[in-house]
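Remarks on the structure that follows.
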Amino acid sequence: MRLRSALLSFSLLFIGLLATATPQLAAQYPQPGPDRVYAIKAGKLVDPEKGAAETNQIILVRGKKIEAVGGNISIPADARVIDLSKSTVLPGLFDAHTHLCMTLKRARDGYSYFITTLMDSTTYRALEGVANARDMLAAGFTTVRDVGNAGNYADTALREAIERGLVPGPTMINAGRIIAPYGGQFRLQPEKRDLATPEYAFADTRDEMIKAIRENIHYGATVIKIVVDDQKYIYSAEDIRFMVEEAHRDGLKLAAHCWTRAGAHNAAEAGVDSIEHGEMMTNEDLQLAKKNHVVLVGTDFTESAARENGFPELHPVFVDRLKRAYQIGVTMAFGTDAFIYMPGETRGTQAAEYVNSWVEAGVPAKDTLRAMTINAARLLGVDGERGAIRPGLAADIIATPVNPLDDIQAVRKVSFVMKDGSVFRND
Ligand SMILES: [Zn+2]
């Protein structure tokens, strides 16, 4: 009991500190009761599915959900009115590829997140996750898929804390430990073989693959993430198909990190739910992905993100692949892979900056917005609950001063954020 009350006062202190540091951000705790009603007056309301906006709409939010949307809605007497009549209102954004519980510090870690995982404890990374989650939400990202690198399941703890309203953050789909061939994404040395634990679950045989998937699910993963090709030996299409089937049998989707052409080809052939990165994909691979209903989460590194990662030469490669994928008609979901500390930026502002690559690739704003909302919601399997502004869905609602359909850069200037019916930001 004493421990519990100590934890409670720590949490309250922490929430208090957050509130002091960022006065414009309201805490998400306590969560709204079932009868709290908001009426949001939207100057413009964007429907990403249609790629169009309607003017002068009212969104009625009751408790955590959207109750009604339309131009002729009578506002209940007990409703709190939020006037966004000069703004454009849209569903909250998605980042389908993030690592909330890892932040690489360039001055200490160079370009190696191996060092990051050695230096930062799981406990510290959970706290970093709290801050990154808050910053993502402040930037308008109301749902994320966290694809691993969270130490010993810091991501599960963070997801549960957010779900309970203990800390503010986006809805999370989380991967737990990344499943990979021996060595994971690291170069180990034989005297220190255990240094990739707990970051990666090595799985080379079929038995190890099943076990790794089931362990992940047991410890709270809600998506399975595999690394196909960061070693000389890579997963075959048969290996990948085997893991997709096991994940699907258990009700989870599978995301496949593919940094090489061969890896992406195997993943496309196996019909994974999503290929992550895939920057080396040929048009043939992209066609195969399309045919097998594989979603591309391209993590299209901007010029500055590619430079910070130590691979500036890859920025044009990502943009070119993004352009080809769009032309071929591969379904795409927005994802960033932002995980490096940059002075003056937050995780959220960094993530939003990735729209620059989409602009450079010539993707129209309405399609970028689809990738940031409805496409991502479908990939994450939450489209029945989030990703649109529709009665019955969660009230994940943001606003921008400029209509993102006119200029997608508007999503970098989010001025209002409501998450599950709680106002988190209203500048
Ligand atoms: Zn990543």
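The values are calculated or read from the model by the stated rules, or taken from the named source; none is laboratory data. All values reported here derive from a predicted model rather than from experimental measurement. Quick reminder, even Gly has a Cβ in these numbers, built from the backbone with ideal geometry, and neighbours come from all protein chains shown. Note: areas computed on protein heavy atoms with side chains; ligands, DNA, RNA excluded. Shrake-Rupley method; radii C 1.70, N 1.55, O 1.52, S 1.80 Å.
Scanning region 320-334 for residues that are under 13 Å from Met372 (Cα atoms), buried (at least 24 other Cβ atoms within 10 Å of the Cβ) and not aromatic (Phe, Trp, Tyr) returns Met332, Ala333. Considering (1) of a type in the set (Gly, Ala, Ser); (2) assigned to a strand (DSSP E or B); (3) away from the ligand (no atom under 16 Å from the Cβ), the lone condition that Ala131 does not fulfil carries the number (2).
The set of residues in region 335-349 that are touching a residue at least 24 places away in the same chain (Cβ under 8 Å) and either surrounded by fewer than 24 Cβ atoms within 10 Å (Cβ to Cβ) or charged (D, E, K, R) (or both) comprises Asp337, Phe339, Ile340, Tyr341, Met342, Thr346, Arg347, Thr349. Suppose we filter Asp300, Asp229 for residues that are within 15 Å of the ligand (Cβ to nearest atom), under 23 Å from Asp367 (Cβ atoms) and open to solvent by less than 50 Å² (accessible area, probe 1.4 Å); which single one remains? Result of the check over Asp300, Asp229: Asp300. Filtered by the rule that a residue be hydrophobic (A, V, I, L, M, F, W, C) and within 24 Å of the chain's Cα centre (by Cα), region 229-262 gives Ile240, Met243, Val244, Ala247, Leu252, Leu254, Ala255, Ala256, Cys258, Trp259. Within region 145-154, no residue satisfies the criterion of being more than 16 Å from the ligand (Cβ to nearest atom) and in a helix (DSSP H, G or I). For Arg125, the criteria (1) more than 16 Å from the ligand (Cβ to nearest atom); (2) part of a helix (DSSP H, G or I) hold in every case but one, which is (1). Inside region 155-205, can you point out the residues that are part of a helix (DSSP H, G or I) and charged (D, E, K, R)? Hits for region 155-205 are Asp155, Arg159, Glu160, Glu163, Arg193, Asp194.
Exactly one residue out of Asp155, Asp146 is closer than 21 Å to Asp250 by Cβ, open to solvent by less than 10 Å² (accessible area, probe 1.4 Å), touching a residue at least 12 places away in the same chain (Cβ under 8 Å) and out of contact with any Ser or Thr (no Cβ under 7 Å at 6 or more places or on another chain): that is Asp155.
Scanning region 391-427 for residues that are part of a loop (DSSP other than H, G, I, E, B) and touching a helix residue (DSSP H, G or I) at 6+ places or on another chain (Cβ under 6 Å) gives Val402, Pro404, Leu405.
Looking across region 328-361 at every residue that is outside any helix (DSSP H, G or I) and touching a Lys or Arg at 6+ places or on another chain (Cβ under 7 Å), the one that is nearest to Val144 (Cα to Cα) is identified as Ala338. Pairs meeting the criteria (first residue in region 89-104 and acidic (Asp, Glu), second residue within 11 Å of the ligand (Cβ to nearest atom), beta carbons under 7 Å, at least 6 apart or on different chains) are Asp95/Gly335; Asp95/Thr336. When restricted to residues that are assigned to a loop (DSSP other than H, G, I, E, B) and either under 30 Å from Leu45 (Cβ atoms) or within 16 Å of the ligand (Cβ to nearest atom) (or both), region 82-122 contains 8.
Of the strands (runs of 3 or more DSSP E) contained entirely in region 33-81, those carrying at least 3 residues that are in contact (Cβ under 8 Å) with a residue 12 or more places away in the chain and among the charged types (D, E, K, R) fall at 37-47. Within region 351-387, the set of residues being surrounded by fewer than 20 Cβ atoms within 10 Å (Cβ to Cβ) and small (Gly, Ala, Ser) comprises Gly362, Gly381, Gly384. Comparison of Lys211, Lys225 shows that the only residue that is assigned to a strand (DSSP E or B) and out of contact with any helix residue (DSSP H, G or I) (no Cβ under 6 Å at 6 or more places or on another chain) is Lys225. The residues of region 362-390 that are outside any loop (DSSP other than H, G, I, E, B) and small (Gly, Ala, Ser), listed by number, are Ala365, Ala371, Ala376, Ala377.
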